[in-house]
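Written out below as structure tokens is the structure these notes cover.
The values are calculated or read from the model by the stated rules, or taken from the named source; none is laboratory data. All values derive from a computational prediction rather than experimental measurement. Here the Cβ positions follow ideal geometry from the backbone for every residue, glycine too, while neighbour counts run over all protein chains shown.
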Amino acid sequence: MVTSLEQLDKVLNSMGSGGDEPPVTNQQRNAWNQYVQYLQKRGIAGDPKLDRNGLGKNLFLQYIKDNPNTGLTEDSPMAIQHDFANYRQWAINQIKSGKGEYAPGTDENTFMKELSQIDGYAGSKTTRHLFPKSYMQTFEDGKKVKTEDRGFATTSTADNLTK
């Protein structure tokens, strides 16, 4: 059982994808969600236009410039992509342990199949995804133990990955 935020950070740091990428915090996940919501309001989140002529990078850098307190940096897309890969594996493990289920017509091979390769570019595939709140909450024995938005989730059986 994780009993402190320091222990939780050690667990999070040990769960990376094996590379040298820094761990992603919930502040950064929330900042990413806000960026994607910003793109959604403009009708361009997930749009293939982001993959052409550097548009995805230019929009991302402009967003950081316009929102200096965002918590995102020019290097954030790489870490975010690693974390989406980690989230995919976490969700599969939740499903395998009986704490969720695939959407109809989906299995392990097709679940989140459209994830971007890890290339550090905030393009169409990366901007299709938001981090679910269930991934950003800390639970112990099925009860939320912290009001801080930090940590890797171990969800209760009430969470449903098909939502």
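Quick one: would you say D20 is modelled with pLDDT of 95 or more, exposed (fewer than 12 other Cβ atoms within 10 Å of the Cβ) and more than 23 Å from K113 (Cα to Cα)?
Numbers: modelled with pLDDT of 95 or more: no; exposed (fewer than 12 other Cβ atoms within 10 Å of the Cβ): yes; more than 23 Å from K113 (Cα to Cα): yes.
So D20 fails the test.
Condition check: surrounded by fewer than 17 Cβ atoms within 10 Å (Cβ to Cβ) and either at pLDDT 90 or above or under 18 Å from M136 (Cα atoms) (or both). Does D75 satisfy that? It is true that D75 is surrounded by fewer than 17 Cβ atoms within 10 Å (Cβ to Cβ) and either at pLDDT 90 or above or under 18 Å from M136 (Cα atoms) (or both).
Please find, within the stretch 32-67, the residue that is farthest from the chain's Cα centre (by Cα) out of those that are surrounded by fewer than 14 Cβ atoms within 10 Å (Cβ to Cβ) and touching a residue at least 24 places away in the same chain (Cβ under 8 Å). Ranking the qualifying residues of the stretch 32-67, first place goes to K49.
Which of the residues that make up the stretch 82-103 are touching a residue at least 24 places away in the same chain (Cβ under 8 Å), over 21 Å from T25 (Cα atoms) and not hydroxyl-bearing (S, T, Y)? Please lay out each step first, then the result.
Initial filter on the stretch 82-103 (touching a residue at least 24 places away in the same chain (Cβ under 8 Å)): 82-88, 90-91, 94-95, 98-103.
If we keep only those that are over 21 Å from T25 (Cα atoms) too, we end up with 95, 98-103.
I95, G98, K99, G100, E101, A103 - these are the residues of the stretch 82-103 that are touching a residue at least 24 places away in the same chain (Cβ under 8 Å), over 21 Å from T25 (Cα atoms) and not hydroxyl-bearing (S, T, Y).
Mind checking which residues of the stretch 73-86 are closer than 13 Å to I118 by Cβ and touching a Leu at 6+ places or on another chain (Cβ under 9 Å)? Correct list: I80, Q81, F84, A85.
Might you let me know whether the stretch 122-133 holds any residue that is of a type in the set (D, E, K, R), free of Cβ contacts under 8 Å to residues at least 24 places away in the same chain and under 15 Å from V36 (Cα atoms)? Explain how you work it out, then say what you get.
Of all residues in the stretch 122-133, those of a type in the set (D, E, K, R) come to 125, 128, 133.
Adding the requirement that they be free of Cβ contacts under 8 Å to residues at least 24 places away in the same chain leaves 133.
Filter once more, keeping what is under 15 Å from V36 (Cα atoms): 133.
Within the stretch 122-133 (the criterion being of a type in the set (D, E, K, R), free of Cβ contacts under 8 Å to residues at least 24 places away in the same chain and under 15 Å from V36 (Cα atoms)), the answer is yes, since at least one residue qualifies.
If you check T162 against the conditions, is it modelled with pLDDT under 55, more than 30 Å from L59 (Cα to Cα), out of contact with any helix residue (DSSP H, G or I) (no Cβ under 6 Å at 6 or more places or on another chain) and surrounded by fewer than 16 Cβ atoms within 10 Å (Cβ to Cβ)? Yes; evaluated as a whole, the condition is true for this residue. The sole residue among E140, E148 that is more than 15 Å from the chain's Cα centre (by Cα), within 21 Å of P23 (Cα to Cα), at pLDDT below 85 and surrounded by fewer than 16 Cβ atoms within 10 Å (Cβ to Cβ) is E148. Count of the stretch 30-72 residues, restricted to those that are over 21 Å from L115 (Cβ atoms) and of a type in the set (S, T, N, Q), is 6.
Filtered by the rule that a residue be under 16 Å from the mean Cα position of the chain (by Cα), buried (at least 19 other Cβ atoms within 10 Å of the Cβ) and among the charged types (D, E, K, R), the stretch 82-100 gives a lone residue, D83.
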